[in-house]
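Before any comments, here is the structure.
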Amino acid sequence: MEIKYRGAEAIVETGQWLGRKVIFKTRNKRGYRHPILEKRLVKERLRSESRIIERLISHGVNVPAIYGVDISNNCIIMEFIDGITLEKALRGNDFEQYLAQTAKLLSLLHSLTVVHGDPTTSNFMVTDSVYVIDFGLSTVSDDNEARASDLRVFLESLDSHHSEISGRDIFLSYYSEWSSSALVLEALKVLELRGRYNLMRG
Amino acid sequence: MRKTLSKIAIGIESTAHTAGVGLITSEGKILSNQRALYVPKEGGIHPREAANHHSEKLPDLFKSALEEAKLTPTDISLVSYARGPGLGPCLRTGATAARAFAYYHDIPLLGVNHCVAHLEIGILEGATDPVLLYLSGANTQVIAYAAGRYRVFGETIDIGIGNGLDKFAREVGMGFPGGPKLEKIAEGDVLLDLPYSVKGMDLAFSGLMTAAKQKLDSGHSLASVAYSIQETAFAMSCEVSERALAHTGKKELVLGGGVACNSRLREMADIMTKERGVKCFVPERALCVDNGVMIAWLGLQMMGADYNITEKDNEVDQKYRTDMVEVTWR
Ligand SMILES: Nc1ncnc2c1ncn2[C@@H]1O[C@H](COP(=O)(O)OP(=O)(O)O)[C@@H](O)[C@H]1O
Ligand SMILES: [Mg+2]
């Protein structure tokens with residue numbers, strides 16, 4: 001096994017499993033967190049990640065297949081997506097096409113009542129098409145505010161890391177192709193007004 | 001293109017509770033850091049009362065800063081003040097004092113961004129390209145440099161962590177500032193179950209504080225509730241910093257803001273960065289809280305990079321966002 005990546009909360013290693021190239025995603029202990037809190041969060045996230053991926057697979061969404069869950073080691077074994085992160089892909093020339101696919105993918109998730117919780121550009125992978133990964137903070141919900149919060153996280157990661165491209169408009173125009181998107185976009189406006197665009201300091 | 005000649009700047013801070021006047025040289029030698037804290041008689045901050053407090057204290061703070069540094073106004077080559085973000089009346093008081101001093105002594109004047117100043121103090125501490133975990137009363141943000149600006153990667157989506165702590169403390173009858181008082185009494189090892197609210201790199205505190213109050217009302221001791229608030233809120237803050245470090249690939253963390261004075265927070269940030277193999281820069285407490293030194297230091301950084309002062313630079317801006325500042329000095 002080789003360490004591939006140290007993510008936001010997990011160590012991701014590649015390896016072989018039943019003749020396939022797979023990813024071992026292990027949530028390692030955080031020494032700064034109280035042990036009770038640590039245990040609660042890791043279990044919650046492991047469980048919700050595997051459940052939500054299963055749910056999306058059953059609808060044919062582009063997510064890595066799950067091969068197994070090793071509860072005692074806080075490890076999920078999943079399909080290796082042989083590509084680059086969207087983060088990297090957006091630095092190339094085809095960024096518009098990737099943004100379009102990502103927007104459609106996120107609206108598909110939302111239409112299936114999955115809220116991703118952390119859809120930054122590091123949590124999408126690009127191969128021949130765009131895949132979504134990392135469901136550790138995901139929930140099942142049809143709440144438009146929660147969906148809007150997803151949009152905000154994505155736009156913020158776009159804004160803060162790809163400020164050279166005006167991805168916002170492209171992304172939102174493809175997202176709005178989803179028939180139920182109007183209320184989400186409405187909620188996004190409210191959220192952005194409440195947040196950093198309306199700093200009430202003191 | 002840094003100027004090589006040593007310069008001295010005076011910085012005036014007055015965005016919220018603190019009136020501060022600081023002096024620093026372009027080599028980073030701190031000559032004075034004078035502060036006065038406005039404590040509301042009851043309830044939260046009253047902007048006008050705070051502004052009155054600041055206008056009363058600022059003249060003395062100027063005087064004691066210059067005395068401590070053994071300087072006269074002629075030794076100073078820049079007057080820097082916090083242009084925003086902050087409370088209108090407080091900002092205007094600071095800007096007025098800064099303007100008066102600058103015009104009277106014929107020294108260039110420059111209004112700078114308060115949040116960016118917190119980050120630049122981390123650079124004074126030796127960081128080169130850090131992620132800043134900025135935890136103060138109203139501000140709770142994760143900030144880092146990308147493509148010409150300091151950008152907000154994550155932040156609170158409801159209340160600032162410090163205001164949350166203060167509000168809880170007030171409700172249980174403790175005075176201002178609540179954060180340090182809660183830190184003193186926080187005790188225990190049993191963690192009460194409180195909402196842990198992290199959404200990507202954003203966080204939320206209002207549900208946590210409400211739930212904490214309910215725990216107290218249902219019979220848990222204040223010590224254990226305070227302990228659980230700290231454990232939960234600070235773990236959330238460390239987690240979003242960790243996410244920002246992972247997302248940006250940066251290798252340094254800087255702590256800033258009043259809540260960054262908390263020892264448990266410092267300990268958690270230290271463990272987190274060690275586990276990640278990242279360097280942690282923790283400015284001394286007098287530089288974490290709002291202070292004039294950081295305002296002066298940022299002004300010097302900007303001038304050192306041949307910043308062109310325009311008319312806009314003697315205004316105030318309550319909603320002066322971090323990412324509105326074009327970073328030309330690095
Ligand atoms: N199924 C996968 N196939 C290929 N690479 C992956 C896969 N899952 C994760 N990675 C890589 O590992 C990184 C971290 O994984 P992620 O699931 O996002 O964990 P974390 O919660 O720690 O961010 C991703 O950004 C990606 O580069
Ligand atoms: Mg991830």
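A few remarks follow.
- Anchor A:Lys88: lysines whose Cα lies under 30 Å away (excluding residues fewer than 8 positions away in-chain): A:Lys4, A:Lys21, A:Lys25, A:Lys29, A:Lys104, A:Lys189, B:Lys199, B:Lys250, B:Lys251, B:Lys274, B:Lys279
- Summed residue charge, Cβ within 10 Å of B:Phe234's Cβ, Lys/Arg positive, Asp/Glu negative: 0
- Highest average packing first - B:15-22, A:85-92, Cβ atoms within 10 Å: B:15-22, A:85-92
- Förster radius 22 Å - calculated FRET efficiency between B:Lys251 and B:Glu27 (Cβ-Cβ, nearest 0.05): 0.30
- Selected from B:Gln318, A:Tyr32, B:Asn291, residue furthest toward positive end of dipole (the protein assembly as shown; charges at beta carbon): A:Tyr32
- Surface/4 estimate of mean projected area, convex hull on alpha-carbon atoms of chain A, nm²: 13.1 nm²
- Shape of region A:96-147, Cα gyration tensor, a/c cut at 1.5: prolate
- Per-residue packing, averaged as other Cβ atoms within 10 Å, sorts the ranges B:78-91, B:48-61, B:221-234 into the order B:78-91, B:221-234, B:48-61, beginning with the highest.
- Cα-based convex hull volume of the protein assembly as shown per residue, rounded to whole Å³: 150 Å³
- For region B:225-330, the Kirkwood estimate of the hydrodynamic radius, built from every pair of different alpha carbons, is 16.2 Å.
- log₁₀ of I(q)/I(0) at q = 0.18, 0.26 Å⁻¹ - region B:33-81, Debye sum with one point per alpha carbon: -0.66, -1.00
- Simple Cβ-charge dipole of the protein assembly as shown, Lys/Arg +1 and Asp/Glu -1, about Cα centre, in debye nearest 20: 620 debye
- As computed over region B:128-282, the Cα convex hull volume per residue (Å³): 98 Å³
- The spacing between region B:153-185 and region B:38-54, judged by their C-alpha centroids, is 17 Å.
- Label-point separation, A:Ser166 to A:Asp142 (7 Å along Cα→Cβ), nm: 3.6 nm
- Region B:188-204 versus region A:89-114: alpha-carbon centroid distance in Å: 30 Å
- Neighbouring partner chain Cβ atoms per residue of B:97-107, average, 10 Å criterion: 0
- Highest mean packing comes first when the peptides B:190-196, B:293-299, B:139-145, B:262-268 are listed by Cβ atoms within 10 Å, giving B:293-299, B:139-145, B:262-268, B:190-196.
- Taking a sphere under 12 Å around the Cβ of A:Tyr67 and counting the other residues whose Cβ falls inside, with K and R at +1 and D and E at -1, yields a net charge of 0.
- Largest-first principal axis extents of the Cα set of region A:84-194 (Å): 34, 26, 23
- Shielding value for B:166-176 is 0, the average number of Cβ atoms from other chains within 10 Å of each residue's Cβ.
- Cα gyration tensor shape for region B:78-189, rounded if a/c is under 1.5, else prolate or oblate: oblate
- Cα-Cα P(r), chain B, percent of pairs per 20 Å interval: 33, 56, 10, 0
- Prolate/oblate/rounded label for region A:2-79 (Cα gyration tensor, a/c 1.5): oblate
- Per residue, chain B reaches -14000 deg cm²/dmol at 222 nm when only DSSP H runs of four or more residues are counted, each adding -39500 (n - 2.57).
- Surrounding net charge for A:Gly15, when Lys and Arg each add one and Asp and Glu each subtract one, Cβ distance under 15 Å: -1
- Each label was represented as a point 7 Å from its Cα along the Cα-to-Cβ direction; for A:Ile57 and B:Ser221 these points are 4.9 nm apart.
- Charge dipole (the protein assembly as shown, unit charges on Cβ, about Cα centre) - positive-most of A:Ile53, A:Val140, B:Gly43: B:Gly43
- For region B:221-276, diffusion coefficient by Stokes-Einstein and Kirkwood Rh (Cα), 10 °C, 1.306 mPa s, µm²/s: 132 µm²/s
- The simple Förster model, with R0 at 51 Å and r as the Cβ-Cβ distance, assigns A:Asn73 and B:Glu68 a FRET efficiency of 0.30.
All of the numbers you see were taken from the coordinates with simple rules; none came from a lab. Bear in mind that the values here come from a model prediction, so they are computed numbers and not experimental data. Ideal geometry is used to build each Cβ from the backbone, glycine not excepted, and the neighbour counts take in all protein chains shown.
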